[in-house]
């Protein structure tokens with residue numbers, strides 16, 4: 001179920017959509033590691049901090065810890081990254 005009426009997604013939904021496309025993204029942690037490789041977020045203590053580069057894919061105006069809503073385009077961005085790495 002989408003985060004809001006705009007269709008923004010929780011990370012579990014992003015991981016699920018990537019699995020549906022045939023990518024080996026087993027869970028949210030695997031997605032977090034991929035997003036870290038892409039520079040979209042960084043591991044900070046026990047949390048994940050969205051970087052300035054990653055803010056454009058969230059509903060937020062600046063870096064936040066553990067962003068809970070991501071624009072659906074993140075699925076395409078991650079799949080492009082996985083295809084080209």
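Taking Cα atoms of the chain, Rg/Rh with Kirkwood Rh, to two decimals?
Value, to two decimals: 0.93.
For the pair residue 52 and residue 20, the difference between a 0.36 nm per residue extended length and the Cα-Cα distance amounts to 8.7 nm.
A short reminder: the numbers here are calculations on the coordinates, not readings from a lab. On a predicted model such as this, the values are computed, not experimentally measured, just so you know.
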